[in-house]
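The values are calculated or read from the model by the stated rules, or taken from the named source; none is laboratory data. Just so you know, these numbers come straight off a predicted model, no measurement behind them. Don't worry about glycine lacking a Cβ; one is built from the backbone with ideal geometry, like all the others, and counts go over all protein chains shown.
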Amino acid sequence: MTGRPLQFASGRTLAIDCATKACSVALFENDSLIGGELRMLGRGHAEALIPMIASLPERGWAQRIVVSLGPGSFTGVRVGLAAARALALAWGSELTGYSSLTLMAAMAHEMHGARPVGVAMTGGHGEWFIQGFDAQGSQSRPLASLRPEAAVAATTEEIVVGDQAEALVAARGSGQAVALWPDACAVRLLPPSALLAETRPLYGRAPDARLPVGTSSAPPA
């Protein structure tokens, strides 16, 4: 990873990432990883997450909790955030969030050095989540949810990571694809600016539900 990686304050930090098919947890003592697990799940995040946290040293207790806010599965994002909020309330812990695509870009920089990186992940309704990052790890293209053909046209970086990286590079006819999933054990690779104090879901696309034409969203007087 280029630049300065995240440095945790002294004590324990719990990381939770279940916004995608990859469900992972990690526990850090100061800046050292002392426990972690990643499972590839199609379904069942809600059933798997709490036992995974409970299997960590001291059942995952930490002064700080960092959680993926998405984008990814609507269910996975909500499960991870609900668990993080409940534990933060019970333990009196500090709570912050981060983007799963930013984490994958940081992981790619650790693997490939200071080079621009594009991220391509499965979205909803046949679309892909894409985002671009420069050689320093800063956003160069904003998060977008696009049909595959539009995602291919928008992604210009040679290195593309994510579960749709191979498909994107094949369709484009050039570049290097790296199949990659977000892993809570890698959150130390995030730049400090990646942590978000406002822990709202990053769904990456508008909700599917729409109000009927002519219907107001305002409550009745």
Could you give every pair whose Cβ atoms fall below 8 Å, whose first residue belongs to the range 85-111 and is more than 12 Å from residue 187 (Cα to Cα) and of a type in the set (A, V, I, L, M), and whose second residue is at pLDDT 95 or above and part of a helix (DSSP H, G or I), counting only separations of at least 6 or pairs across chains?
87/53; 87/60; 95/84; 95/85; 95/88
In the range 12-43, anything farther than 15 Å from residue 68 by Cβ, surrounded by 13 or more Cβ atoms within 10 Å (Cβ to Cβ) and at pLDDT below 95 is listed as 31
The lone exception for residue 51 - which of (1) within 22 Å of residue 119 (Cα to Cα); (2) in a helix (DSSP H, G or I); (3) modelled with pLDDT of 95 or more it fails
(1)
The one condition in (1) outside any helix (DSSP H, G or I); (2) in contact with a helix residue (DSSP H, G or I) (Cβ under 6 Å, 6 or more places away or on another chain) that residue 129 fails to fulfil:
(2)
Residue count, the range 53-84, condition over 21 Å from residue 144 (Cβ atoms), small (Gly, Ala, Ser) and touching a residue at least 40 places away in the same chain (Cβ under 8 Å), comes to 5
Residue list for the range 1-31, filter: among the small types (Gly, Ala, Ser) and under 24 Å from residue 136 (Cα atoms)
3, 9, 15
Within the range 179-198, is there a residue that is in contact (Cβ under 8 Å) with a residue 24 or more places away in the chain, of a type in the set (Asp, Glu), part of a loop (DSSP other than H, G, I, E, B) and over 23 Å from residue 113 (Cβ atoms)?
yes
Any residue at all in the range 97-109 that is surrounded by fewer than 24 Cβ atoms within 10 Å (Cβ to Cβ) and either of a type in the set (Asp, Glu) or assigned to a loop (DSSP other than H, G, I, E, B) (or both)?
no
Just one of 40, 107, 111 is farther than 16 Å from residue 20 by Cβ, under 19 Å from the mean Cα position of the chain (by Cα) and not basic (Lys, Arg); which is it?
111
State yes or no: is residue 114 under 18 Å from residue 28 (Cβ atoms), outside the structural domain of residue 189 (by TED's automatic domain parsing) and either touching a residue at least 24 places away in the same chain (Cβ under 8 Å) or not polar (S, T, N, Q) (or both)?
no
